[in-house]
Amino acid sequence: MTTPLRILIQGRGRMGQSVQSAALSRGHKVVGPWGREDMAASDWPEVDVAIDFTAPDAALGVFQACRERGIPLVSGTTGWLDHREEVELAVAKAGHAMLWAPNFSVGIHLFRRALAQVQHALSDQDYAVHIGEVHHTGKVDAPSGTALALASDLEAGGAQDVSVEAHRLPGVPGTHEVVWQNGVDRITLTHAAKNRSGFANGAVRCAEWLVVQSPPFDKIHSMNDVWG
């Protein structure tokens, strides 16, 4: 049985609401969801951890506010990675507990593992690699942080000139397809989320993991630290 936590949820969008439902279903107490205007409050409630699904332009402010108050932060916001080095230095300097992932779905984590194995096996073959993704129309960043992470994984495995194509359609939680193709054959791996519950439950489980970790906190944690 997980010890009940007091979780501050940042972000009033669909993901924030889904995380709220997931946290409550796992027996936690929820503060929020908060919008960016709530962060300006001088008196924050006492919480054990914060989960952030705000807009990209609010992510740095959420990090700074949580760091100043010593609140461990699980961030699922993408689009701020141009500032990653700055945040990593601040995390190490302050010893602040932070975990970030472009996607908290355990299924996506396993999907990335599978992609790495396939790419390793094909690294000396002449395959063109393409990533296609479809998300709902409310998804701001295109391509998504997940698609960019997949491309980074593939390039680390030796793939050259990985192409990424992003589409936005109503009612699609998230589908990612990776295709290896040459003149001989075509290999396709796909992950399709049916709803947001996988993302939300994964974020809450990462929060449960983060609060029981011990210092030193000298890096931004990832899904690899949680699931191996």
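The values are calculated or read from the model by the stated rules, or taken from the named source; none is laboratory data. Fair warning: this is a prediction, and the values are worked out from it, not measured in the lab. As a convention, Cβ positions derive from the backbone with ideal geometry for all residues, glycine included, and neighbour counts pool all protein chains shown.
Checked against (1) loosely packed, with under 13 Cβ neighbours inside 10 Å; (2) more than 30 Å from Val47 (Cα to Cα), Ala166 passes all but a single condition, namely (1).
Take the residues of the stretch 6-15 that are touching a strand residue (DSSP E or B) at 6+ places or on another chain (Cβ under 8 Å) and crowded, with 22+ Cβ neighbours inside 10 Å: which is farthest from Ala50 (Cα to Cα)? Of everything passing the filter in the stretch 6-15, Gly11 is farthest from Ala50 (Cα to Cα). Of the candidates Gly145, Gly198, Gly202, Gly171, the single residue that is surrounded by fewer than 17 Cβ atoms within 10 Å (Cβ to Cβ) and either assigned by TED's automatic domain parsing to the domain that holds Phe53 or not hydrophobic (A, V, I, L, M, F, W, C) (or both) is Gly171. Taking the criterion of being hydrophobic (A, V, I, L, M, F, W, C) and out of contact with any Lys or Arg (no Cβ under 9 Å at 6 or more places or on another chain), the residues of the stretch 68-86 that qualify are Ile71, Val74, Trp80, Leu81. When each of Glu208, Glu177, Glu155 is tested for being modelled with pLDDT of 95 or more, among the acidic types (Asp, Glu) and under 30 Å from His28 (Cα atoms), the lone residue that passes is Glu208. Among the conditions (1) surrounded by fewer than 17 Cβ atoms within 10 Å (Cβ to Cβ); (2) under 23 Å from Ser75 (Cβ atoms); (3) in contact with a Gly (Cβ under 6 Å, 6 or more places away or on another chain), the only one that Ser152 does not satisfy is (3). So which residues in the stretch 19-46 are touching a helix residue (DSSP H, G or I) at 6+ places or on another chain (Cβ under 9 Å) and modelled with pLDDT of 95 or more, if there are any at all? Selection gives Val19, Gln20, Ser21, Ala22, Ala23, Ser25, Arg26, His28, Lys29, Val30. Just one of (1) farther than 27 Å from Gly138 by Cβ; (2) in the same structural domain as His130 (by TED's automatic domain parsing) fails for Val178. It is (1).
Of everything listed in (1) aliphatic (A, V, I, L, M); (2) part of a loop (DSSP other than H, G, I, E, B); (3) closer than 30 Å to Pro4 by Cβ, the single unmet condition for Val204 is (2).
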